[in-house]
Amino acid sequence: MDQYKRALHVLNNAGWNPIEEDTMLVRVADEPGAIAHLAKRLRDSDLHIRSMRVVQHHGDWGAIAVSADPIEKARDLVKDELFSIAPAV
């Protein structure tokens with residue numbers, strides 16, 4: 001059993017309900033409204049935002065972890081601002 005599956009098993013046995021989701025890491029400018037602008041772009045493209053989390057702030061930019069459905073369409077929409085893709089296992 002790999003570490004990921006073991007972690008899910010341990011969490012489930014402890015009464016937690018872990019959630020798996022495909023995410024992408026998007027670079028945004030550190031300025032008012034930048035995250036709202038990203039959310040609006042996704043919404044205007046008929047994408048369902050499952051979650052958005054600020055994961056890093058560095059000077060004049062930040063990294064936002066975004067999960068959206070369908071993820072492939074979301075990746076294509078923000079491909080110029082994409083850091084990496086972290087698929088669920």
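For the reader, a short list of remarks on this structure follows.
- Put in order of Cβ neighbour count within 10 Å, fewest first, the listed residues Ile49, Ile64 become Ile49, Ile64.
- With respect to the chain, whose longest principal axis is taken over its alpha-carbon atoms, helix 3-13 is tilted by about 70°.
- Kirkwood Rh, Cα atoms: Rg over Rh of the chain: 1.05
- For a label point 7 Å along the Cα-to-beta-carbon line of Trp61, residues of segment 32-49 with backbone N under 18 Å: 32-39
- To the nearest ten degrees, helix 34-44 and the longest principal axis of the Cα atoms of the chain are 80 degrees apart.
- Potential lengthening between Asn13 and Glu31 on full extension [0.36 nm per residue; Cα-Cα distance subtracted]: 2.2 nm
Coordinate-derived values only; no laboratory data. Bear in mind the structure is a predicted one, so any value in this text is a computation, not a measurement. Don't worry about glycine lacking a Cβ; one is built from the backbone with ideal geometry, like all the others, and counts go over all protein chains shown.
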